[in-house]
Structure formats: structure tokens, C-alpha cells
1. Could you tell me what percent of the accessible area of region 40-343 is made up of carbon and sulfur, with a 1.4 Å probe and every protein chain present?
2. For the pair Ser279 and Ala314, what calculated FRET efficiency results from E = 1/(1 + (r/R0)^6), where r is the Cβ-Cβ distance and R0 = 30 Å, to the nearest 0.05?
3. Quick one: accessible surface of Glu81, probe radius 1.4 Å, all protein chains present, in square angstrom to the nearest 10.
4. For the chain, what does the helix formula give at 222 nm: sum of -39500 (n - 2.57) over DSSP H segments with n ≥ 4, over the residue count, nearest 500 deg cm²/dmol?
5. Please report the relative contact order for the chain, taking Cα pairs under 8 Å with a sequence separation of at least 6, and give it as a percent rounded to a whole number.
6. Could you check the spin-label model distance between Asp167 and Arg180? Points 7 Å from the Cα along Cα→Cβ, value in nm.
7. Could you please state how large a percent of the accessible area of region 374-469 is carbon and sulfur, counting protein chains only and using a 1.4 Å probe?
8. Which percent, nearest 5, of DSSP beta bridges in the chain are antiparallel?
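The values are calculated or read from the model by the stated rules, or taken from the named source; none is laboratory data. Bear in mind the structure is a predicted one, so any value in this text is a computation, not a measurement. Cβ placement follows ideal geometry from the backbone for every residue including glycine, while neighbour counts extend to all protein chains displayed. Protein only, heavy atoms only, side chains kept; ligands, DNA and RNA dropped before computing areas. Shrake-Rupley method; radii C 1.70, N 1.55, O 1.52, S 1.80 Å.
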Amino acid sequence: MTTPRPTHRRGRLAAAAGCLAAAALAVTIAVPAAAAGSTLQAAAGETNRYFGTAIAANKLSDGTYTNIANREFNMITAENEMKMDATEPNRGQFSYSNGDRIVNWARQNGKQVRGHALAWHSQQPGWMQNLSGTDLRNAMLNHVTQVASYYKGKIYAWDVVNEAYADGSSGGRRDSNLQRTGNDWIEAAFRAARAADPGAKLCYNDYNTDNWSHAKTQGVYNMVRDFKSRGVPIDCVGFQAHFNSGNPVPSNYDVTLRNFAALGVDVQITELDIEGSGSSQAQQYQGVVQACLSVARCTGITVWGVRDSDSWRASGTPLLFDGSGNKKAAYTSVLNQLNAGGTTNPNPNPTTPTPTDPNPTPTPTNPGGSTPSCTATYSEGQKWNDRFNGTVTIRANTNISSWQSTVTVRSPQKIIATWNGSPTWDSSGNVMTMRPSGSGALSAGQTTSFGFTVQHGGNWTWPSITCSAS
């Protein structure tokens, strides 16, 4: 019997500014050519990372599908078979048969499993959708406990809570039946998951949290920081990474991963797919991989499906293999970038969770008079036929008394207007140095921004941005 294709999360990708300039990300440790891997899992393994995919139980009889999955990937996520509606279709009656098919296939083939997902406002069984208040809270916690206990010892990491933050400018929680049980519901779910399976890494997972400057990203970041400061058991943050032309990979993606990792959690790219084709798609994939490789605690990447035809957004051809199972240009770019190397993940044994420090030592804002520094990130603004706007956000990494940012455009581009700063140009007119109009003093973590308009002359390439502080 053919299982209908799940709708998953169609139509929810909000437009995010920016396109990742792959060349802008630095990699620090090159893998020797002799160690180059010929498959995705082998190449990722050279820096102690995994490379995974989502699997559907009803595809396990497809030989082409399973051959690719077995050859290329070493971390497996059940696409839908371990979610709430699949595992507890009736209250107190649990069904693990399809989840077990995926877990057993993975383990029999020497692979690990990411559990997805224990608590989520969507894909709840009908009986749960009709609950509220204390009754719903208790039912959710029982579900987390029962499912995590059942799979204890078989799961590398659980997406304990999925998609709890709202899109838009609020940076706050999504209004859902689970949220209405009390703002501590996420914390309660994590504590229940830790009690049920102390050996699994516990992750928070969400989408549209890729751009560091976005309110939703900041909302999740603040939650994770709060959890770490209070000893709530959280080990990792998952970035779904569903991209398309309206929501491209942001230029500050590596900054986002690095800032979350600095809180003391692993970061994982959990549901990667990028709509498109050819060199443009390949470049976007390369940039995502390079961003992960530049952050030591980015422990792995999972693509959301094996072939384009298996994807929940199949019409956008978003995966590394076409519908016939052939490797695409995006596959080659990913493999080459993995083999180019990066910072090495310091935890080569992903079955051993990184301990949660209940009393983390806070990072001093300006330790010992450390060298003043800042970070500049670029976001694309409004576009017209002949020009586009850009915004640069300056973030102080330490306490600083002033800053300056250099913006370099590429001929025939010209900057024709600016705001929120005092600009000067070099003799070519292609390099603008922006300084604050008034005081440039910022405390560690504080931000400010300026903007400009570029007359592009047919060249839509984004400017290069730097920042220096005093």
C-alpha cells in the first residue's frame, strides 16, 4: 500500500535576506589530498563530522534509494515515522513499527540515528489537538518520556522540541496549544527527555534561524543562553536550512553557527535542501558546508531526502541526487568542499554527549583589556532594476570606543547614497569607509547599523564588508 506523501511544512519559508558568499568563509585545517573521501560520509569523517539524510520507511524497498543512502550517509533521520502522530496515534497507545524499520535499517548498516521529533505543535494526533492546559502538558510529557525511553540507547540526538518560535519581528514564541500550557513547556520537555535517555544529545530544532540579525534567531539564541545559564539540559541546536531563491543562504550564516556554538552547545544542520539547479545551487550548497566546517562544534549535516523525487518540495529539485539517482553538480561541490577540510570537530565519538555545564563561566566582556574588535554582517534590502539597498550591522565583540567599516563594490557598481554614517571613498570610488556620525562607542554585544544604495550596472554581486574597532 502506498503511503501518501506528507505535507511536512509547505509554504512556511519566510524571505530571509542574503546570499552566502562561499569564498568569504575561512577554513583553517586542510585535509591532505591522500585522505580525500570518495563519498559524503567518508569525506565528512575526515574532520570527525557526520553526513546524514532523512529516510522514509516506505522507500526502504527501493534498491536505488537504499543503495545511495547506504553508500553516502552515516546519520539517519526518520522523515515522519517518529513524530507524535506516528508514534502515539491514540492516547496511551504507542506504535513504533515504522520508526523501528528505519532505526533497524540504520543500525544494521552501521549508521546512527537522529530522533525527530518528540514535541511539536504540528503533526499532533487528533486526540492531542483537542487537549489543553494541564491535561495537554501531562500528555506531552508522557509522550516524551515513553518515546525517548523506548528508543533509549539507539538515538544519537533527539530533536526534543521543534519549531517553537514565531516568524516575524517579535522574536517570541509561537502561539500554540503547547505554548498555552505555560512558558516553561520547552524546559519541561528537555528535562523529561534527559531523564528518559541520559545518553542522547538533546537538541532544539527550528527553521528561519539562519540569519544572525533576524529576531527569530535572536529569540532562540536567548532561550539557549538562558537554558545553559540555569542548567537546563540542552546539548545542541538544529538549523533546518530549507533555502530557495526567496530565502537564500545568508552571508552571516557562519556567524550564526559560531555564536550559538559559543554558548557551549553543538550546532547541526538538520534538514538541508536548496531549491534550484546547476552552478547556482551548487554554490549555495558549498557555502553551507563551508560554514559548518569553519565552526568546530558544527558536528554534522543532514540533507532532507535522498533524491529530488523523494523530497517534500520535489518540484524545486532541492537535493544532491536527481530523480534517477544520479549525482548532481551540488553533490560534487559538497564532496569537494568536505575534502577541502576545515576545523576539526573535537568530539569524534558522537555517541558520547558533550556534558551540559550547569554553572558555565560567563565570558568576560573585555577580559584583561583585550584588543577591541567588531564583526560586520551584510543584509540585502530593497531591489530595483538598476540598483539595490544594503544594510551593514556592526556588532561589538568587546567594549569599543569607535569602529569603522570598509565596503568594497565591484565595477561597474557604484554606491550612490548612504545613511546612518559618515562615508569616505578611495580614488577608485569602489571602496567606501564608513565611520559613525557621532559616538561610535559600543558595549560588548551591542550593535548599530548603516545603509547604502548600490547602482549595480548589471552586476548584482554583493559588496565585501570588513570591520575594525578601537
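1. Working: 3900 of 9070 Å².
That fraction is 43 percent.
2. Working: r = 21 Å, r/R0 = 0.70.
In this case the efficiency is close to 0.90.
3. 30
4. Values: 11 runs with 119 residues, N = 470.
Counting only the DSSP helices, I get -7500 deg cm²/dmol.
5. Numbers: 1044 pairs, mean separation 73.2, N = 470.
Normalised by residue count, the contact order of the chain is 16 percent.
6. The modelled label-to-label distance comes out at 2.2 nm.
7. Numbers: 1930 of 4400 Å².
Using a 1.4 Å probe with all protein chains present, region 374-469 comes out at 44 percent carbon and sulfur.
8. On the way: 41 of 77 bridges.
Bridges in the chain are about 55 percent antiparallel.
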